[in-house]
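**Q** The structure that follows is given in the form of structure tokens.
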Amino acid sequence: MFYRQAGDFKTTYREDIHTFPLRQDRIGYYILLAFAFLVVPFIINDYWASAVLLPFLIMSIAALGLNVLTGYCGQVSLGTAGFMAVGAYSCYKLMTAFPELSIIIVVLTSGVITALVGLLFGIPSLRIKGFYLAVATLAAQFFLVWLFNKVPWFYNNSASGQISAPVRDIAGVMVTGPEAQAWAKYLFCLVLVVVLAWLTRNLTRGRIGRSWMAIRDMDIAAEIIGVNPLKTKLSAFGVSSFLIGVSGALYFSVYLGAVEVGEVFGIQKSFLVLFMIIIGGLGSIFGSFAGAAFLVLMPVLLKNIMVAGLGWPTDIAAHIEFVIVGGLIIFFLIVEPHGLAQLWRLTKEKLLLWPFPH
Amino acid sequence: MTTTQSNSAQVSKSVISGRASAAIQPGEELLRVENVSLAFGGVKALTDISFDIKKGEVRAIIGPNGAGKSSMLNVINGFYHPQEGEVWFCGKKRRSLKPHQIAHQGIARTFQNIALFKGMSTLDNIMTGRFTHMRTNLLMQAIWRGAAEREEIENRQVAEEIIDFLEIQAIRKTPVGRLPYGLQKRVELGRALAAQPDLLLLDEPMAGMNIEEKEDMSRFILDVNDEFGTTIALIEHDMGVVMDISDRVVVLDYGKKIGDGTPTEVRSNQAVVDAYLGVAHD
């Protein structure tokens, strides 16, 4: 009843193309951001950071990246974890080769390196589409993981084959390494998430975003309008890989601290990110976050209910958790194939009218 | 176009001045196909076709099913590359170009089967049609404030002019997948118009429409031709419409040209009548 479009008139095109055209939406998001920046850092503890918030924020960036490629540009990719690994190993190599380099620059440069690798693997997309492209990206996934396992240069010849993040700080506050505080890691990731989400949103609402969607919806018609298919697909691969690379770098340096590539960046992680955007909503920024939240939070919640709440043994709880999450995925796909984002959109449409039927 | 003429002129200045067609006066030849032959394996789709399109006219291409009309349009906008023959555009022989390069030269088209971007709104579809007029790069787009936003708003004004012109204001934000067929056709015309093309190719703009929709569409085509001076080449099966709105007609049959001239000339052409009605075997 209080959520209303009425009276919220737009008098300029500038107002009409706002990210949140409704004033109430805008205020809602400001409150959410203020809470995330001003309240959460003071109440966060290690458990919340490592079990919930860090994986959520970092996987959101990966989901955002895959959504650019698959949701907006329509190019299915199963190489997400492979590209995250590129981000992680670039980050490691940069951290160890240039110890004095700021971690912010390291993380962003890792994204750029991943973008270049992504461009390379995006070239076949001009010729192959759909499932066939998915198989080609699958090749990228296995090749990249194999490469990082096989070539000792990537893990600086360490005996275990693992890479581990050295201690780095921003303005004296440690953000990586075992002594880093939960709130510092959290804020570092949060800032990156907000900035990257904002940039991605800008890309998707303008010329470039429309050319991505044009290629997705009808590539022949896109071409006669003047959209160069190769350039457009490659730009989607580049932007997508940049985001995924950043998320891989953060996953390694801030979240885990030490990584064994086959375990952390295996094919199951690629599928996890793909499920995130399918459940969250293809072609939606909000959907990337909703999907990441769903698949990160749901297992934690279920574990808490079953182990802590009901006192079941952990192994049974772990298996039931798989069953329930799998069941929920199927349930969502049947009830709302366009994902949580569409559910959210419909709820808002209903709310605008509520309590009146029309 | 009066209110935002200065704006749209400003936006498209670089593009228009870059186009060779600016130098061509109405009535002069804009496009010419010369001895074009196109074959798919053993099937000859087009055989030795030559005709021209003059700037500012409505040129119809007609013919029975399978005559090669759509193939002709596909040659003009670069989907097919003919084995023989040449396409001259704006007085220059055209190299073998890709469709997106031809779009930048100022040729737009609609499709026989609607080819809209189903996941996008009417407005976004038409804004996508402005693609060739937009210049900001990836970085500017990502930052948005400044150049990208300014460009978006300038082009939005042109898009809104087209929305007004086609009387589709009410469905501006509706996803096009939800629209009825007749409106989808209209949005597709809008998307092609948004490019402000010199030559507009319409592949059966009135197929499957009822009489009112056909009348609307004919009016829009004539208005586009009058107000914007856009040259139009259209394929259409409704002979009444073709004879009414076109200045000159070219007739194809089995990939060969069998007639060319004003509607009156074509109507009295014996080869054309035979092609449509069949030849009496006596």
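The values are calculated or read from the model by the stated rules, or taken from the named source; none is laboratory data. In this text, all values refer to a predicted model and were calculated from it rather than measured experimentally. Glycine gets a Cβ as well: all are built from the backbone with ideal geometry, and neighbour counts include every protein chain shown. These accessible areas exclude ligands, DNA and RNA; they are computed on the full protein's heavy atoms, side chains included. Shrake-Rupley method; radii C 1.70, N 1.55, O 1.52, S 1.80 Å.
**Q** Consider A:ILE103 against the criteria (1) touching a residue at least 12 places away in the same chain (Cβ under 8 Å); (2) open to solvent by 60 Å² or more (accessible area, probe 1.4 Å); (3) of a type in the set (A, V, I, L, M); (4) out of contact with any Gly (no Cβ under 8 Å at 6 or more places or on another chain): it satisfies all of them except one. Which criterion is unmet?
**A** For A:ILE103, the failing item is (2).
**Q** Taking the residues in segment A:148-170 that are among the aliphatic types (A, V, I, L, M) and more than 14 Å from A:GLU263 (Cα to Cα) as candidates, determine which candidate is least open to solvent (accessible area, probe 1.4 Å).
**A** Selected residue: A:ALA165.
**Q** Quick one: in segment B:104-119, of everything that is facing another protein chain (nearest Cβ under 8 Å) and more than 12 Å from A:ILE225 (Cβ to Cβ), which residue is least open to solvent (accessible area, probe 1.4 Å)?
**A** So the residue we want is B:GLY119.
**Q** Still on this structure, please answer the following. Where in segment B:166-282 are there strands (runs of 3 or more DSSP E), lying wholly inside it, with at least 1 residues that are aliphatic (A, V, I, L, M) and under 16 Å from the mean Cα position of the chain (by Cα)?
**A** Qualifying strands (runs of 3 or more DSSP E): B:199-203, B:231-235, B:248-253.
**Q** Can you work out which of the residues in segment B:173-214 that are open to solvent by less than 10 Å² (accessible area, probe 1.4 Å) and among the β-branched types (Val, Ile, Thr) is nearest to the other protein chains (Cβ to nearest Cβ)?
**A** B:VAL176
**Q** Taking only segment A:290-348 into account, find how many residues are among the hydrophobic types (A, V, I, L, M, F, W, C), in contact (Cβ under 8 Å) with a residue 40 or more places away in the chain and open to solvent by 90 Å² or more (accessible area, probe 1.4 Å).
**A** Summing the residues that are among the hydrophobic types (A, V, I, L, M, F, W, C), in contact (Cβ under 8 Å) with a residue 40 or more places away in the chain and open to solvent by 90 Å² or more (accessible area, probe 1.4 Å) in segment A:290-348 gives 1.
**Q** Is segment B:142-159 home to any residue that is closer than 29 Å to B:ILE245 by Cα and among the acidic types (Asp, Glu)?
**A** Checking segment B:142-159: not a single residue is closer than 29 Å to B:ILE245 by Cα and among the acidic types (Asp, Glu).
**Q** Only one residue in B:GLY27, B:GLY56 is surrounded by fewer than 15 Cβ atoms within 10 Å (Cβ to Cβ), within 30 Å of B:PHE165 (Cβ to Cβ) and modelled with pLDDT under 95, so which one is that?
**A** Of B:GLY27, B:GLY56, the one residue that is surrounded by fewer than 15 Cβ atoms within 10 Å (Cβ to Cβ), within 30 Å of B:PHE165 (Cβ to Cβ) and modelled with pLDDT under 95 is B:GLY27.
**Q** Further question: How many of the residues making up segment A:124-180 are among the β-branched types (Val, Ile, Thr) and assigned to a loop (DSSP other than H, G, I, E, B)?
**A** Selection size over segment A:124-180: 5.
**Q** For B:GLU161, all conditions in the list (1) closer than 30 Å to B:VAL33 by Cβ; (2) in contact (Cβ under 8 Å) with a residue 60 or more places away in the chain; (3) buried (at least 18 other Cβ atoms within 10 Å of the Cβ); (4) more than 9 Å from every other protein chain (Cβ to nearest Cβ) hold save one; what is the number of the exception?
**A** The one condition B:GLU161 does not meet is (1).
**Q** Could you run through segment B:227-256 and say how many residues are open to solvent by 80 Å² or more (accessible area, probe 1.4 Å) and in contact (Cβ under 8 Å) with a residue 60 or more places away in the chain?
**A** Count: 3.
**Q** Can you pull out every residue in segment B:149-194 that is touching a Pro at 6+ places or on another chain (Cβ under 9 Å) and of a type outside the set (Asp, Glu)?
**A** Those that are touching a Pro at 6+ places or on another chain (Cβ under 9 Å) and of a type outside the set (Asp, Glu): B:LYS185, B:LEU189.
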